[in-house]
Every structure is written in C-alpha cells, then in structure tokens.
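The values are calculated or read from the model by the stated rules, or taken from the named source; none is laboratory data. Remember, it's a predicted structure, so these values are computed and weren't measured experimentally. Because the Cβ atoms are built from the backbone with ideal geometry, glycine has one as well, and the counts that use them run over all protein chains shown.
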Amino acid sequence: MVKLARRMDTLPPYLFAALDERRRAVEARGIEVISLGIGDPDLPSIPAAVEAVQREAARAANHRYPRYDGLPRFREALARHYQRRFGVTIDAERETLTVIGSKEGLAHLIWAYIEPGDVVLAPDPAYPVYAAHTGLAGGELHLLPLRAERGFLPDLAAIPEDVARRAKLLFLNYPNNPTGATCDLAFLAEAVEYCRRHDILLVHDAAYVEMTLEGEPAHSALEVEGAKDVTIEFYSLSKPFNMTGWRLGAAVGNKEAVAALGRVKNNTDSGQWNAIQYAGAAALDNNPEVFFAQMNATYRLRRDRLFQGLDRLGWKATPPKATFYVWAPVPGGDDQAFAAQLLDAGVVVVPGSGYGANGTGYVRLCLTVSEYDIDRVLERLDGLRPSPFSR
Ligand SMILES: *Cc1c(COP(=O)(O)O)cnc(C)c1O
C-alpha cells in the first residue's frame, strides 16, 4: 500500500463517522436506535427555499458553473439580512463570499493563514473542524478551556503573551456547540479588542446565531464597533433554515480575509450551485424571523419535555438558552462508558470527550427528534439497570 502523508497522523476519524459505525453495530443486533447524536434538524427546509430551487433548477443559465465568489443575489440578500437583523452594514461585493456550508469555509480559511509554527487559538470543547485543519496545515493549537464556572466563555487574559504573539487566528462560536452557551456583546467586544491588540484574525462561527430559545437574540460579532478590521464571521443556512443537506453558508466581514479565503477556494472548488444560492436568497428575503420563531418554539417545547423527564430521573443538567444542544454532566463522570451504555439501550448521545479534553465528563444530546421520541428516550433512560441516576 502507498504510504499516507505524515499529516494524516494528525487527523482523527471524524467524530460522527465513528459514532455511525457503532450505531450500525447495535442495530445489527436488532435494537432500534433513537439518535440524539449529530445536530441535523429533523424538520423540512423553509418552503421559500424549496420553491425557489425547483424554479431555478429548470433554468439553463443555472446549469453552468457559478461565479467564484458566489451569486450576487444571494450575497445581497445576506447583506440585507445583516442590516435588518444585526444593524450591520455589509458590502455584499467585497465583504461576503458564498461557501459550500460553513464547514468548508472554516476549513479552507485555515489554509489561507496557517503554516508550521503559527498558533491557532481554539476553544476546548469545540466543533472538531478548527483543530483538524490546524493540524493538517502544520499549525500549533493552543486550546482555550470552556468551563461551566465561566459560563463556557474562554479566559482570554489567561493566554500566555508569547503564545498570543505567535497566534494568527482566534476561533469563537456563540451560541456554542457543544455547550449551548451564549455570550453577550461585551464578550465579543473583548475578543475583538484582544485580536486588534495582538494582530489576530477573529473567526466567529455563527452557525447558531438565529437559534435562541430564551432571552435576547444572539449577536453577530460584526456588531462590535470596528470589528470588520479584525473579524471574519461564518453564517450558515444549515441549522436555522433546516437546510443542512443543501450546503450553503457565507463568509462575512474583513475584506482581506474574505479575499484570501476566496483565493484558496478558487483553486479548490468551483462554488455552490446557483439554484441553491437562489434558494438561500429566497430564505433570507421571505420573513425569516417568522420561520426562526417557529423553529425556536419547537426546540423550546422539546427541551422542556426532555428536562421534565430528566428531572424525574434525577439527572441534573442545565437547560440550554440557545442552540438545540443539551450539554449534560454525566453521572459517574465517564462519558465514553455512559454513551456506550445508552447506545446499548438504543439511544445515541455524543460523548463530550470527542470535542476535546474539557468535554470529558459530559455528553451532548441534540433536540432534533419529536416529543414522542423524547418520551421514548426517557423511558429507555428509566429502564437502565443499574440506574446511573440517583433520585
Ligand atoms: C453545524 C456546524 C457548522 C457547519 O455548518 P454547515 O454550514 O452545515 O457546514 C459549523 N460550525 C458549527 C459549530 C456547527 O455546529
């Protein structure tokens, strides 16, 4: 066999690919499995997008390569959305770029900036893509612990000065996967100020910015005065519009960073299909706030149903105020063993250690199943013998 590149040693198997494999093994034993695993909405995409893609698919003009930087119609709709929703003025032409899902954009951005010796600051626990591509690119990861005592916000003041000096990128993600934590605008302002002081690009992953279950809507990092000097934000249509399969998002903000990402992408992919970008524009232009409100209400009901049950069981956890994730401390503290025990009982949860060392002792439960299935999950938890919970 041909020897793999050494950089492949830095790459763990993708967390959810490994989970899927274990799930199939349980199913092969005849156990029906309910998944609270991957964050993939169970409900249909926003109708405006479905209608638009059907219409645009029939137009021959859309059967050709899209523009490299993305369809202006989509990027202008996004800029209008940023103005309406966040009060942020965006130049669609120079400050936005279509990406094939924000995962793709986040990964490729790292290739534009990081070479061996460069430091990337990233949260722990976190979405695995930041660390994976930092490793592939030969960069050095400096992890910022997210702990319950600090509301799952990193302590930027604790980053050693010599590390900060070598750092080029700071990844943040609020509302947060996997903890469900939110941050206020003051924290984002602190991050912008930190990046300005240390000449670092702030990369804000805003995949859940529309998903608030309680309290004030979440903020774009670009709302911070002067943020565009040092910030690129990734907006995703996946979670808020139930469009994970469509692969559509955008990079927004600092124009040098947007252009650099565009240069990597021009040489890698040839963009997202125009029909899908028209669909994204339709989603953003057709009162998305009404859709968001319904979606968030659905997740709120599911969350409350789950927590009534967890309370009865004696499993103590804090209900999330945002996202569709429950980040729950594991009774006994061994998240791998606990997730394996639940999987044998037909329930998939993600062991927190899969998101980094500071995720150890937690599991992540995703609210992307019906209330009926939540009830069935609760029955299965109640049936565990010996019960891991103490009432
Ligand atoms: C789901 C998710 C993404 C990826 O979203 P796509 O736009 O579908 O690629 C990015 N970041 C976080 C934190 C996510 O949970």
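Looking across the stretch 89-105 at every residue that is farther than 17 Å from G280 by Cβ and of a type outside the set (D, E), the one that is farthest from the ligand (Cβ to nearest atom) is identified as T89. When every residue of the stretch 72-85 is checked against the conditions, none turns out to be more than 26 Å from T179 (Cβ to Cβ), aromatic (F, W, Y), outside the structural domain of T323 (by TED's automatic domain parsing) and more than 16 Å from the ligand (Cβ to nearest atom). Any residue at all in the stretch 108-128 that's over 13 Å from G356 (Cβ atoms), outside any loop (DSSP other than H, G, I, E, B), among the charged types (D, E, K, R) and within 16 Å of the ligand (Cβ to nearest atom)? Scanning the stretch 108-128 turns up no residue that is over 13 Å from G356 (Cβ atoms), outside any loop (DSSP other than H, G, I, E, B), among the charged types (D, E, K, R) and within 16 Å of the ligand (Cβ to nearest atom). Among the residues of the stretch 47-92, those that are in contact with a strand residue (DSSP E or B) (Cβ under 8 Å, 6 or more places away or on another chain) and either closer than 16 Å to E223 by Cβ or assigned to a helix (DSSP H, G or I) (or both) comprise F74, R75, L78, A79, Y82, I90. Scanning the stretch 9-34 for residues that are over 18 Å from P128 (Cβ atoms) and within 16 Å of the ligand (Cβ to nearest atom) turns up nothing. The set of residues in the stretch 357-369 being more than 12 Å from S35 (Cβ to Cβ) and surrounded by fewer than 22 Cβ atoms within 10 Å (Cβ to Cβ) consists of A357, N358, T360, G361. Looking only at residues of the stretch 165-188 that are of a type outside the set (D, E, K, R) and in a strand (DSSP E or B), we find that the one that is farthest from the ligand (Cβ to nearest atom) is A167. Scanning the stretch 204-221 turns up no residue that is away from the ligand (no atom under 16 Å from the Cβ) and in a helix (DSSP H, G or I). Test A132 against the stated conditions and say whether it is surrounded by fewer than 20 Cβ atoms within 10 Å (Cβ to Cβ), within 16 Å of the ligand (Cβ to nearest atom) and either assigned to a loop (DSSP other than H, G, I, E, B) or in contact (Cβ under 8 Å) with a residue 24 or more places away in the chain (or both). So A132 passes the test.
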